[in-house]
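Trainee: Below are the structure tokens for one structure; questions will follow.
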Amino acid sequence: MKISPVAEVAAPLRDAQGAEHRPAIGEVRIVSLVPSLTELVCELGLSDRLVGRTGFCVHPRAALKAIPKVGGTKDVKMDVVRGLAPTHLIVNIDENRRETVEELAAFVPNVIVTHPCTPADNLELYRLFGGVFHCADRAEGLAADLQAALAETQALARALPREDVLYLIWREPWMSVARDTYISATLAAVGWDTLPADAGARYPEIDWQAPWMAGVVRVFLSSEPYRFRERHLAEVAALSGRPAAMIDGEMASWYGSRAAAGLRYLAALRRALAGAA
């Protein structure tokens, strides 16, 4: 699909690394190496311009069924990407390796680097994609919905006392998330503050005997990247001495078009657990 040239461009659009991007001109061919942003591309009505995605890009399933896979988020097949002749590459600082992106940048004209760290950061992400790919109206719709969801969660966070929680993403070794992650910021929006408060790594290994464990009110077992099951709840409750609950990892960690739905999912879970208590 071709896009007509524009005679004049508004203020430059900047990505997470400060690179300036202009509204696309001519044929647009997008390769996305970020699952949640592949979903956003489709939500913005750009699925017909998506020519490549990773094997982890699975939503929306129907739209992606015919889109070629280019490997994983870390192990990208350079020859496959080159053969697709993309005009735009979408990457993320956390998801993709720098050396991989630099190699791809040698033959992809436009590389859009993303790094949302909080739910509110999606507002700028929508503006960036809306401006580059000429879908500002759809992007504004997503922004309005997210702003409403943010207001809803702020009201909830004020209504309930804050709780310190442990969010597990891996088993043996047991691993959690630091407070500078998108996951932690999303949980914080509904009043759940992740521990440890001062982690040495973004995804620290957990010592069940650590002093800070005394402050944990409840433990969450995420459905990704490690697929925790109901059978793990008793094990974690025994190790932590705290109530354990399952949580949808996609709703807590996927930015992009899922941000508003993720906040509402967490708000509903917070209300349900508060009611049970």
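The values are calculated or read from the model by the stated rules, or taken from the named source; none is laboratory data. Since the model is a prediction, treat every value here as computed from it, not as a measurement. Note: ideal-geometry Cβ built from the backbone for every residue, glycine included; neighbour counts use all protein chains shown. For the accessible areas, the whole protein counts, side chains as well, though only heavy atoms, and no ligand, DNA or RNA atoms are used. Shrake-Rupley method; radii C 1.70, N 1.55, O 1.52, S 1.80 Å.
Trainee: When you count, for each residue, the other Cβ atoms within 10 Å and take the mean per peptide, how do 266-273, 235-242 rank with the highest first?
Mentor: 266-273, 235-242
Trainee: A follow-up question, please. Among [x] 36, 21, 16; [y] 31, 23, 17; [z] 30, 27, 19, find the value of semi-axes √(5λ) of the Cα gyration tensor in Å that was calculated from the structure presented, and write down its label.
Mentor: Given [x] 36, 21, 16; [y] 31, 23, 17; [z] 30, 27, 19, the structure-derived one carries the label [x].
Trainee: Measure out, as a whole number of angstrom, how far apart the alpha-carbon centroids of the stretch 20-57 and the stretch 224-277 sit.
Mentor: Their Cα centres are 29 Å away from one another.
Trainee: I've got another one for you. What fraction of the DSSP beta bridges in the chain is antiparallel, stated in percent and rounded to the nearest 5?
Mentor: Of all bridge pairs located within the chain, approximately 25 percent are antiparallel.
Trainee: What does the extension gain come out to for K77 and V58, with contour length at 0.36 nm per residue minus their alpha carbon separation?
Mentor: Residue separation times 0.36 nm, minus the Cα-Cα distance, leaves 5.0 nm.
Trainee: Determine the share of the chain's accessible area contributed by carbon and sulfur atoms, expressed in whole percent, with a 1.4 angstrom probe.
Mentor: Here it works out to 52 percent.
Trainee: While we're on this one: With every protein chain present, what is the per residue accessible area of the chain (1.4 Å probe, Å²)?
Mentor: 46 Å²
Trainee: Using Cα-Cα distances under 8 Å and only pairs 6 or more residues apart, what relative contact order does the stretch 27-133 have, in percent?
Mentor: RCO, the stretch 27-133: 26 percent.
Trainee: Turning to a different aspect of this structure: Assuming R0 = 30 Å, what is the FRET efficiency of D94 and D137, from their Cβ-Cβ distance, to the nearest 0.05?
Mentor: For D94 and D137, the calculated efficiency is 0.55.
Trainee: So what is log10(I(q)/I(0)) for the stretch 143-277 at q = 0.10 1/Å, when the Debye sum runs over its Cα atoms only?
Mentor: So the normalised log intensities are -0.30.
Trainee: Sticking with this structure for a sec: Quick one: ranking H232, H134 by accessible area, 1.4 Å probe, largest first, what do you get?
Mentor: Heavy-atom accessible area, descending, gives H134, H232.
Trainee: Taking 8 Å as the Cα distance limit and 6 or more residues as the minimum spacing, I'd like the relative contact order of the stretch 135-224 as a percentage.
Mentor: 33 percent
Trainee: Cα gyration tensor of the stretch 63-201, axes a ≥ b ≥ c as square roots of the eigenvalues: rounded (a/c below 1.5), prolate (a/b > b/c) or oblate?
Mentor: Verdict is oblate for the stretch 63-201.
Trainee: Relative contact order of the chain, please, whole-number percent, based on alpha carbon pairs below 8 angstrom and at least 6 residues apart.
Mentor: Reported as a whole number, the value is 15 percent.
Trainee: Using a 1.4 angstrom probe on the protein heavy atoms only, line up D94, D48 by accessible area, largest first.
Mentor: Solvent-accessible surface, decreasing: D48, D94.
Trainee: I would also like to ask the following. Among K69, K74, what's the order by accessible area (1.4 angstrom probe), most exposed first?
Mentor: If we order K69, K74 from most to least accessible, we get K69, K74.
Trainee: A further question follows. Given 0.36 nm per residue, what is the gain on full extension from A268 to D180 after removing their alpha carbon distance, in nm?
Mentor: 29.3 nm
Trainee: Turning to a different aspect of this structure: Does the stretch 103-143 come out rounded, prolate or oblate by the C-alpha gyration tensor, with a ≥ b ≥ c the root eigenvalues, rounded set by a/c under 1.5 and, if not, prolate when a/b is larger than b/c and oblate if not?
Mentor: Taking the square roots of the gyration eigenvalues as a ≥ b ≥ c, the stretch 103-143 is oblate.
Trainee: May I ask which residue of A105, G130, G18 lies farthest towards the positive end of the charge dipole of the chain, with charges of +1 (Lys, Arg) and -1 (Asp, Glu) on Cβ and the Cα centre as origin?
Mentor: G130
Trainee: Hydropathy first: keep DSSP H helices in the chain averaging at least 0.5 on Kyte-Doolittle, then drop any whose Cα extent along the axis falls short of 18 Å, and list what survives.
Mentor: 259-276
Trainee: Going by the alpha-carbon gyration tensor, a ≥ b ≥ c the square roots of its eigenvalues, is the stretch 3-126 rounded (a/c under 1.5) or, if a/c is not under 1.5, prolate (a/b greater than b/c) versus oblate?
Mentor: Verdict is rounded for the stretch 3-126.
Trainee: Also, quick follow-up: Antiparallel versus total DSSP beta bridges in the stretch 86-214: what percent is that, nearest 5?
Mentor: 20 percent
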